[in-house]
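Q: Handing you this structure, nothing more for now.
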Amino acid sequence: MEAQERYNGPLVSVLRLFLSVDLVGSTAFKQANQTAFTSDAKATDTGVEPWFLPMAQFYKEIERIFARTWKAYVTGLAVELDWLPGPAPQLWKSAGDELLYVKEITDHRQALACIVCWKNAVEEYRPHLKDRYPSLDLKCTAWVAGFPVTNSEVVFSKDLSSDAIKDDDDPVWVNLYLLHKYHEDPSDKNLTKDFIGPSVDAGFRLCALSSARKFVISVDLALMVVHALSSKPPKTPELNLAIRYDGRQSLKGVLGDKEYPVFWVDMAKDSSLDRLEDKLLKLNSGSLDEIKDFCEEFFSTNPGSIIIPYVKTNGDKYFGAIPEIHSHKINALRQYWSGETQRRIDEGDARQAEGQGKTLSPAEKKKILGAIKDRLDENRER
């Protein structure tokens, strides 16, 4: 454990929860005849495009309400249950009329808590949206992804004239270099970070299956949620979720085009037509044990493609064990970063000695070496 603590860089095991909310019907809304919105005094008075007001309200209201619901959980129920909330969710990016948030998970129960807060925020905003703009609605999706194994963080330099853009033919080392720079100073306005990988791709595929009622969640997230639901104190209705199953569907490019289990959190209200139809069709949520058993069997029958998610800091051993091969890969990444950076420093010194180039200053060397001073044999995870 001491060796892990000595490494103070970004190449550590992290599980992230991704949350998506999409404004349904926005494209048709924006393309509609502008004269249909002349009655919107707010738009005509300010000179903005008539379609922009609901979009701006969507961006700001989701942000405001989600921040409030999360804060209420952190200062209220999380304290009562003694559940560590972990880092707060952050905006990842906007993609057209879709907002994406990301949260680092340090305990599997945070996945349940964050899903509930997200669901509550969307449910609170939805009636205000539909009351004013009946043709618009909201749909949600959520998934988890592990880093730096299976998925990766990528860092870009925004300014093409920046010294951060390296004239180096090794894209892996360049990304690691930028990733370490970002880790040292996340507020650096010249750097921007993104997330890529199979789990992230699968999450976006799942977004296509979501609807106003169906808050689709990935199979590994479903396992984390039902595990937390089954172990939560009984008198905590605030954390209850109805999880349903739509069977397995093929998601293009995901799991080698094998059929993927589609679980979803039910966003329908108890008095809605959907609920009444459920009764007629005899549709019920699966039991927590049934969902857990199915997910475990799915993981066991698809080895190498998908695994039970793990969180190194998790108190529950069910999600606390990191596979040995993942530890090896993380150590290999660190060794690669350390070795390749040292090689570049040595080559710079050699060129300087031969009068062929400029070497790094002692201060520059110290800064770079400070991030990689622990070699593989000193950083091996226990």
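The values are calculated or read from the model by the stated rules, or taken from the named source; none is laboratory data. Being a predicted model, the structure only gives us computed values, none of them experimental. Virtual Cβ from ideal backbone geometry, glycine too; neighbours counted across all protein chains shown.
Q: Just to confirm my filter: which strands (runs of 3 or more DSSP E) fall fully inside the stretch 57-161 and include at least 3 residues that are at pLDDT 95 or above and over 30 Å from residue 29 (Cβ atoms)?
A: Numbers: elements: 90-95, 98-105, 137-147, 152-157.
Correct list: 137-147, 152-157.
Q: Follow-up question, since we're still on this one. Please work out if residue 136 is of a type in the set (A, V, I, L, M), over 30 Å from residue 312 (Cα atoms) and without any contact (Cβ under 8 Å) to a residue 12 or more places away in the chain.
A: No.
Q: Out of the stretch 138-192, which residues are under 30 Å from residue 266 (Cα atoms), out of contact with any Cys (no Cβ under 7 Å at 6 or more places or on another chain) and among the β-branched types (Val, Ile, Thr)?
A: Passing the criteria: 144, 150.
Q: Return a yes/no flag: does the stretch 116-123 have any residue that is surrounded by fewer than 17 Cβ atoms within 10 Å (Cβ to Cβ) and either on the phi < 0 side of the Ramachandran plot or in contact with a strand residue (DSSP E or B) (Cβ under 6 Å, 6 or more places away or on another chain) (or both).
A: yes
Q: Which one is nearest to the chain's Cα centre (by Cα), of the residues in the stretch 7-30 that are surrounded by fewer than 20 Cβ atoms within 10 Å (Cβ to Cβ) and assigned to a loop (DSSP other than H, G, I, E, B)?
A: Checked the stretch 7-30; the qualifying residue nearest to the chain's Cα centre (by Cα) is 13.
Q: Now for a different question. Kindly indicate whether any position in the stretch 97-110 is within 14 Å of residue 62 (Cβ to Cβ) and of a type in the set (Lys, Arg).
A: The answer is no, given that none of the residues of the stretch 97-110 is within 14 Å of residue 62 (Cβ to Cβ) and of a type in the set (Lys, Arg).
Q: Considering only the stretch 227-238, I want to know if a residue exists there that is more than 30 Å from residue 76 (Cβ to Cβ) and more than 16 Å from the chain's Cα centre (by Cα).
A: No - not one qualifying residue is present in the stretch 227-238.
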